[in-house]
Amino acid sequence: MDRLIRKLDIISWANPYQAKRDLYQYLMDYENNEDDWRGFYHLNENEGYSRNEIRTKPGQYNVALMCWRPNQGNKIHDHCESFGLFKVLRGCLEEEHHICREDGDAVVHHADILIEENHVNSLESFTGFHRLKNHSDDDVAVSLHVYAPPLEKCTFIDEEGKRCVVSMRFATKSVQEQE
Ligand SMILES: N[C@@H](CS(=O)O)C(=O)O
Ligand SMILES: [Fe+2]
């Protein structure tokens with residue numbers, strides 16, 4: 001994980017086009033090895049999927065390990081001002097895409113895709129909303145997410161188009177040096 005973080009630290013985040021390309025490449029190159037991410041692995045016992053912070057570099061990016069129980073998913077949301085990419089490290093995730101361009105519009109279910117282990121997927125913020133779900137009925141899934149700038153808030157939207165901006169919390173926080 002340290003090697004990946006060293007690469008993230010030299011990305012020019014101020015140039016989003018180049019940053020997305022570099023980030024995609026670094027996540028593709030990331031050697032998925034459970035020993036490397038086990039220290040961040042944590043499942044919530046009773047709550048939703050578990051968001052575990054690996055690193056937050058203020059104003060630049062954050063990295064988190066998301067752990068999903070069988071069939072567990074999140075609700076339809078966007079990423080406000082952040083873009084992001086993720087790599088599935090264990091299992092397979094389903095992603096639903098939803099479109100909602102104007103405030104108050106109903107949500108239109110647009111597409112479903114499956115993202116398999118070791119695949120990288122981008123999370124665009126401009127077209128709309130999405131949600132992720134563990135595709136498996138009997139095994140946990142794990143995914144590694146990077147957002148830039150750091151994802152602090154998401155807009156959740158219900159079927160009628162009612163929006164609600166929510167601060168995102170981590171189940172576990174990383175111990176990191178003060179920037
Ligand atoms: N954006 C979600 C994970 S995924 O649905 O992209 C989160 O930060 O919890
Ligand atoms: Fe998301």
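Read the figures in this text as sums done on the coordinates, not as results from a lab. Just so it is clear, the model here is predicted, and its values are computed rather than measured. Neighbour counts are summed over all protein chains in view; Cβ atoms, including those assigned to glycine, are modelled from backbone coordinates with ideal geometry.
A few points about this structure:
- Lysine pair number, Cα distance threshold 19 Å (strictly under), the range 75-179, separation 8 or more or different chains: 6
- Dividing the convex hull volume of the alpha carbon atoms of the range 1-125 by its residue count gives 134 Å³ per residue.
- Rounded Å value of the spacing that divides the Cα centres of the range 80-149 and the range 1-25: 20
- Helix-only [θ]222 nm of the chain, DSSP H runs n ≥ 4, -39500 (n - 2.57) each, per residue, nearest 500: -4000 deg cm²/dmol
- Added length on full extension, which subtracts the Cα-Cα distance from 0.36 nm per residue, SER174 to CYS80: 31.5 nm
- Ordering of 142-149, 160-167, 1-8 by packing is 142-149, 1-8, 160-167, highest average first (other Cβ atoms within 10 Å, averaged per residue).
- Each Lys and Arg contributes +1 and each Asp and Glu -1, all at the Cβ; summed about the Cα centre of the range 68-179, the dipole is approximately 340 debye.
- Within-13-Å neighbourhood charge of GLN25 [Cβ basis; K, R +1; D, E -1]: +2
- Using R0 = 25 Å, the C-beta based FRET efficiency linking TYR24 and ASP2 works out to 0.80.
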